[in-house]
Amino acid sequence: DVRSAELIKYASNCFLATKISFINEISNLCEKAGADVSAVREAIGADKRIGYEFLSPGIGYGGSCLPKDVRAILHTAGSLGADMRLLRAVEQVNDEQKAALVSKILTRFGTGSAANDLRGLRIGLWGLSFKPQTDDVRAAPSLVMAKRLVELGAVVRAFDPEATEQAKNVLGDSIEYADDMYGAVEGAD
């Protein structure tokens, strides 16, 4: 039936978003505990009930489907009086993950001044789309990160073999664009 079909689509994408947020939480824990997230991922992914798909830590999920479908199911659940605590947490973890790498950059390279803590720092960024081999930058965590780094005074130079033109539509000339992956990191701190 139509309602079940709609929920199937939302539930499938929400499950994938949950897997991504889960492995990011595990990655953050591994970092604090001194464990190797690659070894943990390898072991839990070997379990056929879990698998390796959507089980790679990173800076969060993006794109057109996962963020939209998580929000849609949360909205639907809210209008029906259902509390989807797990999916609210998935969304929160994803939002926080987008800022986590910037926070690590601040810790490693920050100058201490509040407004422009990364003033003059040159950062190379590989990848602008929300996933490899696409030009789709919708809700791409890399764009959130690039904007924040620029706000903090960093000079960001990026390369993406597919998504540069789409990213220029969003970021304009707030960052620099390299012609190849080595150009993105040339002169980077």
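The values are calculated or read from the model by the stated rules, or taken from the named source; none is laboratory data. Because the structure is predicted, anything quoted here is derived from the model rather than measured. Here the Cβ is made from the backbone with ideal geometry for all residues, glycine too, and neighbour counts use every protein chain on show. Only protein heavy atoms, including side chains, enter the accessible area calculation; ligands, DNA and RNA are left aside. Shrake-Rupley method; radii C 1.70, N 1.55, O 1.52, S 1.80 Å.
List of remarks:
- Criterion: open to solvent by less than 10 Å² (accessible area, probe 1.4 Å), within 22 Å of G62 (Cα to Cα) and in contact with a helix residue (DSSP H, G or I) (Cβ under 8 Å, 6 or more places away or on another chain) - qualifying residue of L152, L128: L128
- Residue within the stretch 168-187 that is polar (S, T, N, Q), open to solvent by less than 50 Å² (accessible area, probe 1.4 Å) and either more than 21 Å from F109 (Cα to Cα) or modelled with pLDDT of 95 or more (or both) present: no
- Of the helices (runs of 4 or more DSSP H) that lie entirely inside the stretch 93-189, those containing 1 or more residues that are at negative phi, over 19 Å from the mean Cα position of the chain (by Cα) and hydrophobic (A, V, I, L, M, F, W, C) span 181-185.
- Some residue of the stretch 91-98 being surrounded by 16 or more Cβ atoms within 10 Å (Cβ to Cβ), β-branched (V, I, T) and over 23 Å from K147 (Cα atoms): no
- Of C30, C65, C14, all but one fail to be out of contact with any Phe, Trp or Tyr (no Cβ under 8 Å at 6 or more places or on another chain) and either of a type in the set (D, E) or touching a residue at least 60 places away in the same chain (Cβ under 8 Å) (or both); the exception is C14.
- Within the stretch 45-74, tally of residues that are open to solvent by 50 Å² or more (accessible area, probe 1.4 Å) and either in a helix (DSSP H, G or I) or more than 23 Å from E91 (Cβ to Cβ) (or both): 6
- Single residue of R3, R108 found to be open to solvent by 70 Å² or more (accessible area, probe 1.4 Å) and farther than 30 Å from A154 by Cβ: R3
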